[in-house]
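**Student:** Below you'll find the structure I mean.
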Amino acid sequence: MEEVCEGKDFSFPKQEEKILQHWSEIKAFETQLALTKDMPEYVFYDGPPFATGLPHYGHILAGTIKDIITRYQSMTGHHVTRRFGWDCHGLPVENEIDKMLGIKFREDVYKMGIDKYNEACRSIVTRHVGEWESVYEKGLVYKGFKVMPYSTGCKTPLSNFEANQDYKDVSDPEVMVAFPIVGDPQGASFVAWTTTPWTLPSNLALCVNANFTYVKVCNKYSGKVYVVAESRLSALPNEKPKESVPNGSVDSKKLNSKSKGSSGGKKEAVDTSFEVLEKMSGASLVGMKYEPMFDYFMEFSDVAFRVVADNYVTDDSGTGIVHCAPAYGEDDYRVCLENKIISKGETLIVAVDDDGHFTERITHFSKCYVKDADKDIS
């Protein structure tokens, strides 16, 4: 008997492929048609692809749903034949022909002749057959991945509609994290900004905007060197030592305090706290390597822990540098995929289990619920 793989080593996609291979070998589909040939017929009038349209994701999604219905009827004692076809109803085809022939009014059809018009419509019904065959032959139908809202209580992804049903405004921590730049002679660090500290253990990249100007600055009081967007320099804490008045209390007028969403204090405080050492474009930072905050995924070092660029990075908040954890953000996933930091498939780094707790691999926060870990990571 074949050994059953359990737990984390079990893969539903791989198991599905094994089953499909087995069905193919025993000709399961053809056999069930033969066994049900004398049973009541079930006819399902499918809405197949438009003859005038190219292949797209909606065809596959709808086809999967419809396949469930015909399979169910087969299992309940019906004979269900399958015949792939094209949706050749009038309007889409006629619309294409009208554009092609410059037809704008019904009278134009009468002048051309209804028989000739219909024949012209029939002539384009199969014009995209080659594209559909090409999709199949090139293996371009594949299983994809998408970052979606997720319920740790229900252990299931949520649609946007479901996620918004109980939408609430909540307070999240605002964190700036220094990532040391590998090989920088001045020991500079990129300063990234995030409101989801729990995603930091899964960090694989830092993203800048190629069109922004960035500055390397030195804090005059601490000597630390940072890289941030020039327009966001005011957001950096100035780390200026607190000055005391004669009675020992702190002179509040000389504090450079800031709250979430603030600009980081007055410009004068920034000017006196930081010395600009260098200016550079965001594009020039692309490819630079940095030291990750955690070492959980160092096996990805060859492709990860480097700077990438994308226009989704803005300078209306933060530092102009965004940390990317591809499993937990749509833009993070897209940017890391485009820059070949990750690839489509089951190798996506997921540091959280279905209940929303960190896995054992995340040793510092193992079994801790992600939102409860925010304060510890911060």
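**Student:** Report the percentage of all Cα-Cα pairs in the range 121-195 whose separation exceeds 18 Å, rounded to a whole percent. Show your work: numbers first, answer last.
**Tutor:** Numbers: 2048 of 2775 pairs.
The answer is 74 percent, as a whole percent.
**Student:** Something else about it: Using a 1.4 Å probe on the protein chains only, how many percent of the accessible area of the range 117-226 belongs to carbon and sulfur? Each step should come with its number before you reach the end.
**Tutor:** Details: 3310 of 6390 Å².
In the range 117-226, the share of accessible area belonging to carbon and sulfur is 52 percent.
**Student:** Can you give the FRET efficiency for ARG106 and HIS56, using 1/(1 + (r/R0)^6), R0 = 22 Å, r = Cβ-Cβ distance, to the nearest 0.05? Present the calculation step by step, with values, prior to reporting the outcome.
**Tutor:** Details: r = 31 Å, r/R0 = 1.42.
The pair ARG106/HIS56 has a calculated efficiency of 0.10.
**Student:** Ok, one more. Please compute the net charge surrounding ALA205, taking Lys and Arg as +1 and Asp and Glu as -1 over other residues with Cβ under 15 Å from its Cβ.
**Tutor:** -3
**Student:** Report the net charge of residues surrounding PHE305, where surrounding means a beta-carbon distance below 11 angstrom and charges are Lys +1, Arg +1, Asp -1, Glu -1. Display every interim value, and only then the final one.
**Tutor:** On the way: positive: LYS289, ARG306; negative: GLU291, ASP295, ASP302.
Net local charge, PHE305 excluded: -1.
**Student:** Give the relative contact order (percent, whole number) for the range 303-378; include only Cα pairs under 8 Å separated by 6+ residues. Before the final figure, lay out the partial values.
**Tutor:** Numbers: 57 pairs, mean separation 12.7, N = 76.
About 17 percent, as a whole number.
**Student:** Largest first, how would PHE300, PHE305, PHE12 line up by accessible area (1.4 Å probe)?
**Tutor:** Working: PHE300 55, PHE305 5, PHE12 155 Å².
The residues order as PHE12, PHE300, PHE305, largest area first.
**Student:** How about the range 278-343: which trypsin sites (Lys or Arg not before Pro) there lie in a loop by DSSP and see at most 10 other Cβ atoms within 10 Å? Don't skip to the answer; put the middle values down first.
**Tutor:** Values: sites: LYS279, LYS289, ARG306, ARG334, LYS340; in loops: LYS340.
Here the trypsin sites (Lys or Arg not before Pro) that fit, given the DSSP loop and packing criteria, are LYS340.
**Student:** No solvent, one uniform scatterer per C-alpha: report log10 I(q)/I(0) for the range 153-195 via the Debye equation at q = 0.17, 0.19, 0.25 1/Å, two decimals.
**Tutor:** Log-scaled intensity ratios, in q order: -0.69, -0.74, -0.91.
**Student:** Continuing with the same structure: For a quick check: with amide H placed at 1.01 Å from N, whose amide H comes under 5 Å from VAL352's, ignoring anything fewer than 5 positions away on the same chain?
**Tutor:** THR359
**Student:** Now a separate question. Of the listed peptides 222-234, 307-319, 17-29, 169-181, what is their order by residue-averaged count of other C-beta atoms within 10 Å, with the highest listed first? Walk me through the numbers before you get to the answer.
**Tutor:** Numbers: 222-234: 19.8, 307-319: 17.7, 17-29: 10.9, 169-181: 14.7.
Top to bottom by mean Cβ count within 10 Å: 222-234, 307-319, 169-181, 17-29.
**Student:** Karplus couplings for the range 277-291 from phi (6.51 cos²θ - 1.76 cosθ + 1.60, θ = phi - 60°), rounded to Hz, Gly and Pro as x?
**Tutor:** Each residue's phi maps through the Karplus curve to give 8, 6, 10, 8, 7, x, 4, 6, 7, 4, x, 5, 9, 9, 8 Hz.
**Student:** List every residue whose amide H lies under 5 Å from the amide H of TYR214, counting only residues 5 or more places away in sequence or on a different chain, with H placed 1.01 Å from N in the peptide plane.
**Tutor:** GLU230, MET280, SER281, GLY282
**Student:** If R0 is 56 Å, what FRET efficiency do you get for LEU20 and PHE294 from their C-beta distance, rounded to 0.05? List each step's numbers first, then the result.
**Tutor:** Numbers: r = 39 Å, r/R0 = 0.70.
Between LEU20 and PHE294 the formula returns 0.90.
**Student:** So, one more: Take peptides 351-362, 194-205 and line them up by average Cβ neighbours within 10 Å, highest first, as a rough protection proxy.
**Tutor:** Working: 351-362: 16.5, 194-205: 22.5.
The densest-packed peptide leads the list: 194-205, 351-362.
**Student:** Now for a different question. In whole angstrom, how long is each semi-axis of the equivalent ellipsoid of the range 61-191, when you take the square root of 5 times every eigenvalue of its Cα gyration tensor and sort them from largest down? Please list the in-between numbers first.
**Tutor:** On the way: eigenvalues 523, 159, 81 Å².
Each semi-axis is the square root of five times an eigenvalue, giving 51, 28, 20 Å.
The values are calculated or read from the model by the stated rules, or taken from the named source; none is laboratory data. Source: prediction; values computed, not measured. Cβ: placed from backbone, ideal geometry, glycine included. Neighbour counts: every protein chain shown. We work out accessible area using only protein heavy atoms, side chains counted, and drop any ligands, DNA or RNA first. Shrake-Rupley method; radii C 1.70, N 1.55, O 1.52, S 1.80 Å.
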